[in-house]
Amino acid sequence: MTNNPEGGSGPRNRPPQKWSDLLSQGWVWILLVIVGVVAVRLLVFNTSRSDTIGLNRVAELASTGRLAGIDVEGDAIAVRLNNDNVLRSRKEMEASIYDSLANLGVNPEILNSLNITFRNPPRFAAILSGFLIILPMLIILGFFLFIMRQSGAGPNRALQFGRSRAKKVEPEHHTNITFDDAAGLVEAKQELQEVVEFLNEPAKFEELGARIPKGVLMVGSPGTGKTLLAKAVAGEAGVPFFSSSGSEFVEMFVGVGASRVRDLFKQAKEQAPCIVFIDEIDAVGRHRGAGMGGGNDEREQTLNQILVEMDGFESGTNVIVIAATNRPDILDPALLRPGRFDRKVVVDLPERHERHAILDVHARGKPLSEDTDLEAIAAQTPGLAGADLENLMNEAAILAARKDQNSITMQNLVEAIERVMAGPARKSRVITEKERRYVAYHEAGHAIVMALLDLADNVGKVSVISRGQALGYVMPLPNEEKNLLSVSDFEAQLSALLGGRAAEELVFEDITTGAENDLERVTQIAQSMITRYGMNESLGPMQLNQGEHNPFMGMEIGEQRQYSEAVARKIDKEVRALVDRAYAHTLDLLKDNMANLKLVAETLLEREVLEREDFEELLGLTPASA
């Protein structure tokens with residue numbers, strides 16, 4: 001670390017602000033006005049308190065003949081004594097000085113003999129008095145405007161809360177995103193391609209009596225490319241594109257969301273044909289009545305306005321609403337009916353060949369070395385969405401740049417997979433030799449069981465290098481991507497997950513907390529097999545709802561269990577029996593292969609990492625049999 005040179009721009013050498021810069025700040029003027037007004041009030045207050053007497057005392061002095069005269073100025077009274085001293089007093093503003101003293105018992109003859117003079121109060125005093133009255137309101141208003149300016153919504157925007165904040169992109173300013181940039185997603189692109197044709201050639205469909213769809217709802221997991229597809233539709237159609245998020249409609253002021261919806265659709269109709277894209281529509285489109293409180297009421301008003309606006313589209317308007325969500329189960333049914341969102345496009349996680357195509361797209365502009373095999377990378381990344389694959393390629397490029405390489409190698413890509421899936425390596429993490437042995441045998445147990453079970457995934461890599469929160473890991477390499485799982489598939493998964501715990505028990509006759517995540521997944525799989533998929537002979541082919549839905553997130557406030565306590569006890573019993581059978585089977589597998597278990601574990605302690613080829617060579621396996 002180097003110090004800033006003398007006279008540099010570091011935080012300790014920052015030049016002092018000039019007075020002109022300070023006076024340009026609004027808060028400085030507000031502070032000066034407050035200080036000035038407080039000083040004036042203190043001055044006036046102190047002046048008015050000097051030698052002040054009550055009106056009773058004035059009456060007493062007048063009755064005893066000790067007054068030389070009285071000067072009246074508004075409600076202020078200057079009392080001149082015979083010894084030339086001057087005392088001050090006050091009377092009620094509207095009351096006469098004669099009446100006030102007469103009511104206090106002063107003889108009228110004495111009053112008539114007094115030298116009483118009247119003067120108009122100075123104009124400045126009246127202005128200052130009025131200013132002091134309205135000062136608190138001015139301070140509050142100034143503070144409010146200052147807060148508005150600091151939050152980015154200056155005074156000129158104070159009354160514009162109801163305006164839509166959707167971003168409008170004109171056709172000539174599109175980023176040239178087309179369907180070619182959205183690799184894979186063949187069926188989704190086919191559905192959306194018709195939307196482009198609707199916008200470009202509406203007469204072709206109207207001649208056959210077809211109605212242009214008002215809305216398209218894209219449903220899919222986060223990162224699957226829903227927003228990218230919406231931009232591609234706008235880029236292909238060459239029409240204005242309004243982009244907004246569901247959360248942008250709702251503010252702390254009631255009615256703002258509905259007003260913004262009205263303004264957005266008003267702009268869209270003026271720019272027709274065009275596309276309105278609402279991302280994360282579940283922020284305002286949740287089932288009505290699912291929550292409580294004023295914030296929920298405001299959200300429902302916003303949703304009602306969206307429903308009204310989508311119903312109000314006239315034929316030939318050519319405004320298509322595209323919305324995206326990853327929570328279709330919580331959307332209001334009125335939003336999903338035909339006439340509002342006519343089409344529902346499912347954007348699934350990419351399959352192997354689609355992942356390869358996505359990697360090809362994100363490899364554009366990145367120099368790849370000759371040893372890179374994107375097909376192999378696609379095979380090693382099941383379950384990753386398009387955004388994950390983009391991040392993977394970016395991480396690989398960063399790793400190559402960090403090592404001053406001229407191109408991205410296969411090693412960079414493999415390491416990037418591990419960073420994306422398990423986190424960065426933590427080689428500086430200090431663990432004891434005993435813990436290293438526990439980790440090595442734990443991961444070896446997983447790997448051996450996976451290799452012995454034909455239905456389990458292949459072993460892609462075994463490591464005892466700490467990544468993220470894990471002290472070690474086994475990277476699976478699926479034999480094939482399955483859309484349907486059988487009882488045998490689930491049982492193989494249970495045994496593979498329990499392999500680490502079983503290895504610890506067999507070798508050390510003790511267990512550690514390293515199997516925490518494994519046990520969590522085992523419990524979830526076993527419960528799903530019995531309560532969701534009906535994979536149990538005792539309970540039969542029934543789906544037994546366990547009431548696990550999160551309150552306030554869906555259509556019900558809460559969901560009750562639909563079976564008796566006796567059935568619940570039976571479920572617990574069957575889950576326990578299923579896990580016990582899987583654990584016993586795992587123990588038997590490892591007992592019969594203790595030599596291989598120790599060989600893999602001791603090799604891990606020596607090398608820290610075993611690639612697939614090293615692991616198979618160690619066990620005498622061929623790629624086909626593994």
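Points worth noting:
- Note on Lys204: lysines with a C-alpha under 19 Å away, same-chain residues under 8 apart excluded, are Lys214.
- Here the residues Val507, Val216, ranked from fewest to most Cβ neighbours within 10 Å of their Cβ, fall in the order Val507, Val216.
- For Arg364 and Met137, a Förster radius of 56 Å and the Cβ-Cβ distance give a FRET efficiency of 0.35, rounded to the nearest 0.05.
- Average Cα contact separation per residue, segment 352-422, under 8 Å, 6 or more apart, as relative contact order %: 39 percent
- Extension gain for the segment Ser96 to Ser564, taken as residue separation times 0.36 nm less the Cα-Cα distance, is 159.5 nm to one decimal.
- In sequence order, calculated HN-Hα J values of segment 353-365 (Karplus, 6.51, -1.76, 1.60; Hz; x Gly/Pro): 5, 6, 4, 4, 5, 5, 4, 4, 5, 7, 7, 4, x
- 5 angstrom amide H check on Leu477, placed H, neighbours 5+ away: Asn458, Val459, Gly460
- Cα shape, segment 55-123, gyration tensor, a/c 1.5 rule: oblate
- Relative contact order (%) - criterion: Cα under 8 Å, at least six apart; region: segment 55-123: 38 percent
- In order along segment 181-197, phi translates into HN-Hα couplings of 7, 9, 5, x, 6, 4, 5, 5, 5, 5, 5, 6, 4, 5, 4, 4, 5 Hz, rounded to whole numbers, per the Karplus curve 6.51 cos²θ - 1.76 cosθ + 1.60 with θ = phi - 60° and x for Gly and Pro.
- Extending 7 Å from Cα along the Cβ direction at Glu170 and again at Thr432 yields two label points whose distance is 7.1 nm.
- 22 Å Cα-Cα threshold exceeded, pairs from Lys366/Lys482; Lys403/Lys427; Lys168/Lys344; Lys189/Lys226; Lys226/Lys482: Lys366/Lys482; Lys168/Lys344; Lys226/Lys482
- When Phe205, Phe198 are sorted by how many other C-beta atoms sit within 10 angstrom of their C-beta, beginning with the fewest, the order is Phe205, Phe198.
- Residue exposure sequence - Thr52, Thr302 - by fewest surrounding Cβ within 10 Å: Thr52, Thr302
- Dipole magnitude of segment 352-422 about its Cα centre (Cβ charges: Lys, Arg +1; Asp, Glu -1), debye to nearest 20: 160 debye
- Prolate/oblate/rounded label for segment 347-418 (Cα gyration tensor, a/c 1.5): prolate
- Candidate lysines for bridging to Lys598, where Cα separation is under 19 Å - those fewer than 8 sequence places away on the same chain excluded: Lys434, Lys461
- In a simple Cβ point-charge model (Lys, Arg +1; Asp, Glu -1; nothing else charged), segment 55-123 has a dipole of about 220 debye relative to its Cα centre.
Read-outs throughout are calculated quantities, based only on the coordinates presented, and are distinct from any laboratory measurement. What you see is a predicted model, and the numbers here were worked out from it, not measured in a lab. Methodologically, a virtual Cβ is constructed for each residue, glycine included, from the backbone with ideal geometry; neighbour enumeration extends over all protein chains shown.
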